[in-house]
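Novice: Just dropping this structure here.
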Amino acid sequence: MSGGVGGGAVGSAKTPADFLKSIRGRPVVVKLNSGVDYRGILACLDGYMNIAMEQTEEYVNGQLKNKYGDAFIRGNNVLYISTTKRTLGDA
Amino acid sequence: MARGLVSVNERSEDGGPFLETVNEERIAHVQPSVGIVLGESPAEQPGTLYVTTRRLVWLSDEDVHKGYVVDFLSLTMHAISRDEDAYPQPCIYSQIDGGEDEDEEYEEDGTDDGAEEPLESENHGSVGDFSHVTEMRLVPRDASSLDHLFQVLCDCAALNPDPEGEQEGEGDWFFNEDEVMSNVIGGDRANNHVDLAELLMQDPRFEDADEEESGT
């Protein structure tokens with residue numbers, strides 16, 4: 001299973017660990033194989049793409065279905081993680 | 001390999017679950033006074049929640065033959081739910097993969113499935129197959145324990161990666177560095193030039209396979 005982030009170009013000098021550090025605390029969209037989207041603030045994730053996020057919202061077919069606080073998503077169901085342009089007050 | 005939720009009607013002499021010693025299973029956390037909600041069914045309570053390194057086990061405090069077990073391989077997600085519109089009490093909300101066809105997860109009109117299916121056809125308290133249950137809530141009487149309980153579930157879930165996880169591509173990340181770094185204060189966009197050709201040249205996976213002249 002390969003993980004992906006929105007966008008096609010590939011970084012050359014950064015390691016996956018650097019990438020993981022750099023997207024923590026950012027708003028992200030996590031898309032599952034089932035098509036469900038989770039949007040929230042990325043807390044942490046590991047090499048299996050297990051994801052912990054905060055202020056999580058669950059979208060099905062583009063519709064908000066549920067809201068959670070902290071959420072944990074099992075990595076084997078994750079299709080991709082994408083950072084979003086939505087910023088939450090960061091300058 | 002996800003087995004989904006199953007019911008259990010046996011427990012060990014100390015009142016807790018039988019642990020699978022072959023998996024070196026051990027109990028990570030015990031939470032008393034927890035109600036369990038399967039799908040849209042009413043809460044079953046009181047019970048005791050045992051979080052092991054392999055599974056979630058809920059055992060009824062009132063009926064020694066009633067309990068439910070779900071392994072972490074089947075827990076596709078879990079979250080803290082404080083949304084009173086979704087459920088009146090703060091709880092851990094979780095989704096379970098029973099190994100069913102994923103097309104059944106959510107219907108195309110946006111409604112979710114398993115939560116709507118009634119459980120009255122199942123025998124509560126006897127060993128049965130609850131693999132159609134896709135949503136589960138754990139409602140501790142002590143709501144202040146939710147944060148810790150959530151973290152314990154994260155820790156134990158991380159102990160249970162898919163057994164076939166080590167495939168080609170496992171752990172590989174593909175990302176758009178410009179997009180990621182552009183919001184970093186002080187990040188230097190000018191130096192984030194990507195040279196895809198250079199990257200591909202360095203990766204031995206893209207080299208032609210060796211051709212052997214003789215078969216032996």
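Novice: Which of A:K21/A:K65; A:K14/A:K67; A:K14/A:K65 have a Cα-Cα distance over 31 Å?
Specialist: Over 31 Å Cα-Cα: A:K14/A:K67; A:K14/A:K65.
Novice: Once phi is turned into θ = phi - 60°, what whole-Hz ³J(HN,Hα) does the Karplus curve with 6.51, -1.76 and 1.60 give for every residue of the stretch B:51-68, x standing for Gly and Pro?
Specialist: Using θ = phi - 60°, the values come out as 9, 9, 6, 10, 8, 9, 10, 10, 10, 5, 7, 9, 10, 5, 9, 10, x, 9 Hz.
Novice: Where in the stretch B:7-84 are there chymotrypsin sites (Phe, Trp or Tyr not before Pro) that are in a DSSP coil and have at most 13 other Cβ atoms within 10 angstrom of their Cβ?
Specialist: Answer in residue order: B:F18.
Novice: Which residues' amide hydrogens lie under 5 Å from the amide hydrogen of B:A28, considering only partners 5 or more residues apart or on another chain, with H built in the peptide plane?
Specialist: Answer set, sorted by chain and number: B:V51, B:T52, B:T53.
Novice: Once you put a point 7 Å from the Cα of B:D61 and another 7 Å from the Cα of B:A143, both along the Cβ direction, what distance in nm separates them?
Specialist: 1.9 nm
Novice: Next question. Taking 7 Å along the Cα-to-C-beta vector as the label spot, tell me the B:A209-B:S41 distance in nanometres, rounded to one decimal.
Specialist: A separation of 5.2 nm, rounded to one decimal place.
Novice: Suppose each label sits 7 Å from its Cα in the direction of the beta carbon; what would the B:V30-B:D155 distance come out to in nanometres?
Specialist: A separation of 1.7 nm, rounded to one decimal place.
Novice: Could you work out how much longer the chain between B:D85 and B:V22 gets when fully extended? Use 0.36 nm per residue separation minus the Cα distance between them, nm to one decimal.
Specialist: Answer, rounded to one decimal: 18.5 nm.
Novice: How much net charge surrounds B:S81 when only the other residues with a Cβ under 13 Å from the Cβ of B:S81 are counted, with Lys and Arg +1 and Asp and Glu -1?
Specialist: -4
Values quoted throughout were computed directly from the atomic coordinates according to the rules given, and no laboratory measurement underlies them. Here the structure is a predicted model, which means the values were calculated and not measured. Virtual Cβ from ideal backbone geometry, glycine too; neighbours counted across all protein chains shown.
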